[in-house]
Amino acid sequence: MSEPRIREMTLADCEAVAEVRVGGWRSAYRGLVPQSYLDRLSVEEDAERRRTRLAQGDGSVVNLVAEGTGGEIVGWACHGPYRDGEVLTDDAELYAIYVHPDRVGRGVGRALLTESVARCRAAGHGRLLLWVLKENDRARRFYERAGFRADGAEEPFEVDGVAVPEVRYSRPLPR
């Protein structure tokens, strides 16, 4: 497969992005979060959330999509200011990155991450941070190969009453 085309998400992409996101959750988090939660995920509800967030956004959050050779959406990433509680900092945060389950391991995630890193660096951010489920070994290896390192910060995260702690990863963005 050739490199996917990376571009900014539009309102017309929200349904396809929701399909990627829900499929990504169901695939990546199987066995890590309760199956009952994964079963309740709704593409329609997620698409509506994407539309609302995109329409009401102030431009500080960047949504990127990866298009396959036929123009289909095969991945999505979202980044913006780092959130330290309710406070936004000068660092950037990768809020999400999901790849269609059929396209995992084909460079889609790498292309999205590379574009997010480049945009965060160009925006003048000194670091890019992200949170990943502590037990998500595949994602952790992906980020480590891309130069991210766990920085020792952890936070509790709960899904349907089950603790699924997250660890923070950081990567400097030298200019």
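The values are calculated or read from the model by the stated rules, or taken from the named source; none is laboratory data. Not measured: the values here are computed from a predicted model. Virtual Cβ from ideal backbone geometry, glycine too; neighbours counted across all protein chains shown. Remember, those area values only see protein heavy atoms, side chains included, never the ligands or the DNA or RNA. Shrake-Rupley method; radii C 1.70, N 1.55, O 1.52, S 1.80 Å.
A few comments on the model shown:
- Rounded to whole Hz, the Karplus (6.51, -1.76, 1.60) HN-Hα couplings of the range 111-125, x for glycine and proline: 5, 5, 5, 4, 5, 4, 4, 4, 5, 5, 4, 4, 7, x, 6
- Amide H contacts of TYR95 (H built 1.01 Å from N, under 5 Å, at least 5 apart or other chain): CYS78, HIS79, GLY80
- Taking a quarter of the surface of the Cα convex hull of the range 20-75 gives a mean projected area of 5.0 nm².
- When the solvent-accessible area of the chain is split by element, carbon and sulfur atoms take up 46 percent of it, the probe being 1.4 Å.
- Protection proxy ranking, peptides 114-121, 14-21, average beta carbon neighbours within 10 Å, highest first: 14-21, 114-121
- Backbone HN-Hα couplings from phi across the range 41-52 [Karplus 6.51/-1.76/1.60, Hz, Gly and Pro as x]: 4, 10, 4, 4, 5, 5, 4, 5, 4, 4, 4, 4
- Placing +1 on the Cβ of every Lys and Arg and -1 on the Cβ of every Asp and Glu, with no other charges, gives the chain a dipole of roughly 740 debye about its Cα centre.
- Listed residues TYR37, TYR143 arranged by accessible area, highest first, probe 1.4 Å: TYR37, TYR143
- Taking θ as phi - 60° and the Karplus parameters 6.51, -1.76 and 1.60, the scalar couplings of the range 153-160 work out to 7, 9, 9, x, 9, 10, 10, 6 Hz in sequence order, x denoting glycine and proline.
- Amide hydrogen neighbours beyond the local backbone of HIS100, cut-off 5 Å, H modeled: GLY75
- Normalised by the number of residues in the chain, the mean separation of alpha-carbon contacts (under 8 Å, six or more apart) gives a relative contact order of 22 percent.
- Probing with 1.4 Å while keeping every protein chain in the model, the per residue accessible area of the range 95-175 equals 54 Å².
- One quarter of the surface of the convex hull around the alpha-carbon atoms of the chain equals 10.0 nm², the direction-averaged projected area.
- Per residue of the chain, the DSSP helices (runs of n ≥ 4 H) give a summed -39500 (n - 2.57) that works out to -10500 deg cm²/dmol at 222 nm.
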